[in-house]
1. Just the residues that are in contact with a strand residue (DSSP E or B) (Cβ under 7 Å, 6 or more places away or on another chain), closer than 16 Å to Ala61 by Cα and part of a helix (DSSP H, G or I), please, taken from the range 79-93.
2. Given the conditions (1) under 22 Å from His86 (Cα atoms); (2) modelled with pLDDT of 85 or more; (3) loosely packed, with under 11 Cβ neighbours inside 10 Å, which single one is not true for Asn125?
3. Across the range 57-116, what is the number of residues that are over 24 Å from Asp148 (Cα atoms) and surrounded by 17 or more Cβ atoms within 10 Å (Cβ to Cβ)?
Amino acid sequence: MGICICQGRSVYHCTMGRSGPVQGDSMALASTAASALQAAGFVGTWDTDVPAGRSMLDAGAATLLAGNTSLAGQPLPLERALGRIHPEDRGWVFDRIRQARQTGGPFSAEFRVLSGMGDVRWILNRGRLAPDATGALRGCGVYIDITDLHAGSSSPSNAAGAAQAKHLEAAADHCVHVHAALERHGDTQLRLIAGTLLFGIGRALARHMS
């Protein structure tokens, strides 16, 4: 919230019938966009197989949430995938996730993690769980670092603000589906565009929730 930019994975982009510089420009664009997202707070993505009780993280998520980059792409139990969650948030976050795995639907939560340096970071976890073609419940989503939004910002207290948040949640749900479909399609540039949009929606949601 996969924004599935999938940090740590190699990106191969072949353009038939075009010259080398075009391919080089595409790779440079992808690299620049990914760097910009990371600098703006995008952490990484998750993909959950609910019946198996396992989640896979990309490199960015594995580094911050699990505390080990080498765990990227491996099916992990919840306790391992969120190994660096703040002790005070661990209980309620795990309860929310387990409940979502039973009911399905959209998922959104803000919680704290402890970085490898011991710093406290605020993370927005946004995604959706839904049945796949076989009927098995699966989920995907993104992690966004919103630490800066917890420095004096407050959530809207009026009905207009609540309505705006509801519309943003609906947009985020649709965008998660779009990005997941593009991830399967394999087009790097379209995936980056969808990722950028999902990131922006996530930041806007975080401002409303803070």
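The values are calculated or read from the model by the stated rules, or taken from the named source; none is laboratory data. Bear in mind the structure is a predicted one, so any value in this text is a computation, not a measurement. Because the Cβ atoms are built from the backbone with ideal geometry, glycine has one as well, and the counts that use them run over all protein chains shown.
1. Narrowing the range 79-93 to residues in contact with a strand residue (DSSP E or B) (Cβ under 7 Å, 6 or more places away or on another chain): 81, 84-86, 89, 93.
Still in the running and closer than 16 Å to Ala61 by Cα: 81, 84-86.
Answer for the range 79-93, where residues must be in contact with a strand residue (DSSP E or B) (Cβ under 7 Å, 6 or more places away or on another chain), closer than 16 Å to Ala61 by Cα and part of a helix (DSSP H, G or I): just Ala81.
2. The number of the failed condition is (3).
3. Looking only at that region, the number is 9.
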